[in-house]
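Taking it in order: structure first as structure tokens, then the write-up.
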């Protein structure tokens, strides 16, 4: 496969995953700020500041002023390269450059999503409530991936799509957990309802709320949330699941057996995956958890750099 095509498939998928994540995070933050209203002093500003820090946007400083100012910047601003609209546009631009390598239905769904999000009527309501815009983004991304699974041959190109999707997802879940890890040591029994709201928000941001409650019938417990999102082997948004998918796609692209690691990217993924398989998540307190998550993030970043070097993904 030409490196140009591999690059476009990888970033088409990665940008789309990033758009869905930002939309989830904005929607959840908006709802969390409403839930905490009247319980904490000025919860809205604090939660939106936390979100800006979490997303680490590569653009200029966002405006202050809570949801009315920050939500449009995160969702709509074209000058913000990390906004939902910019990411969907970037995904669409990559797809357009390789129309012959994706199915017509994939292009149609991605193009439809772009124009739905560009609708002035939909954009007008974002400052007051971003939910409808975020929901349109989520539905559009899910439709695209459903069409991709059903209409595209699962060949080398499909595996580059999986690499972009799951590498972006793993990094975002790790970053969310790292942003909340400090709360484990600061937990106050008297703040249990607030802690439950915040950790429930973590689950919703990772599209994990229903899956978590199916597995753990009891209340939301921070340690279980961390363990579930890190090491559950079957949940599609857990870091372990994402890395397993990355390892499998790397093996298919290289044309080797899954248990063979003949390149630096595969070795890096394999070591991190093994660490997660044998991890005792219950033994990690706030400080040790932060160190583990920071190391995992660094290794995911290394995987991205190695893929760029090996397959010319720029």
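Readers should treat all values here as calculations from the given coordinates under stated rules, not as data from a laboratory. A quick note: this is a predicted structure, and the numbers were derived from the prediction, not measured. Positions of Cβ are backbone-derived with ideal geometry, glycine not excepted, and every protein chain shown enters the neighbour counts.
At a 10 angstrom cut-off on C-beta neighbours, averaged per residue, how do the peptides 155-168, 112-125 rank from highest to lowest?
Numbers: 155-168: 22.4, 112-125: 13.3.
Peptide ranking by packing, descending: 155-168, 112-125.
What is the fewest-to-most order of 266, 179 by other Cβ atoms lying within 10 Å of their Cβ?
Details: 266 22, 179 17.
Ordered by Cβ neighbours within 10 Å, fewest first: 179, 266.
R0 = 51 Å: FRET efficiency of residue 281 with residue 156, Cβ-based, nearest 0.05? It would help to have the intermediate numbers written out before the result.
Working: r = 35 Å, r/R0 = 0.68.
The calculated FRET efficiency here is 0.90.
Model label points for residue 127 and residue 196, set 7 angstrom from Cα along the Cα-to-Cβ axis, are 3.7 nm apart.
Which ordering of 135, 109, 252 is given by a fewest-first count of other beta-carbon atoms within 10 Å? Could the numbers behind the result be given before it?
Values: 135 12, 109 22, 252 16.
Lowest to highest Cβ neighbour count: 135, 252, 109.
For region 156-314, the gyration tensor built on C-alpha atoms gives a prolate shape. Its axis ratio a/c (a ≥ b ≥ c) is at least 1.5, and a/b is the larger of a/b and b/c. Quick check on the chain: take the gyration tensor over C-alpha atoms, sort the square-rooted eigenvalues as a ≥ b ≥ c, and tell me if it's rounded (a/c under 1.5), prolate or oblate. Oblate, because a/c is 1.5 or more while a/b does not exceed b/c. Per-residue ellipticity at 222 nm from helix content only, as computed over the chain with -39500 (n - 2.57) for each DSSP H run of at least four residues, stands at -24000 deg cm²/dmol. The length gained by stretching the chain between residue 69 and residue 119 to full extension, at 0.36 nm per residue less their Cα-Cα distance, is 16.1 nm.
The slack in the chain from residue 294 to residue 139, taken as 0.36 nm per residue of separation less the alpha-carbon distance, amounts to 52.7 nm.
Give the shape of region 1-152 as rounded, prolate or oblate, defined through the alpha-carbon gyration tensor: a ≥ b ≥ c are the square roots of its eigenvalues, a/c under 1.5 means rounded, and otherwise the shape is prolate if a/b is larger than b/c and oblate if not.
Working: a/c = 2.44, a/b = 2.05, b/c = 1.19.
Taking the square roots of the gyration eigenvalues as a ≥ b ≥ c, region 1-152 is prolate.
Using a 10 Å cut-off around each Cβ, can you sort 242, 87 from fewest to most neighbouring Cβ atoms? Can you show the working numbers first?
Numbers: 242 27, 87 23.
Placing the least packed residue first, the sequence is 87, 242.
Between residue 2 and residue 216, the contour length at 0.36 nm per residue exceeds the Cα-Cα span by 72.5 nm.
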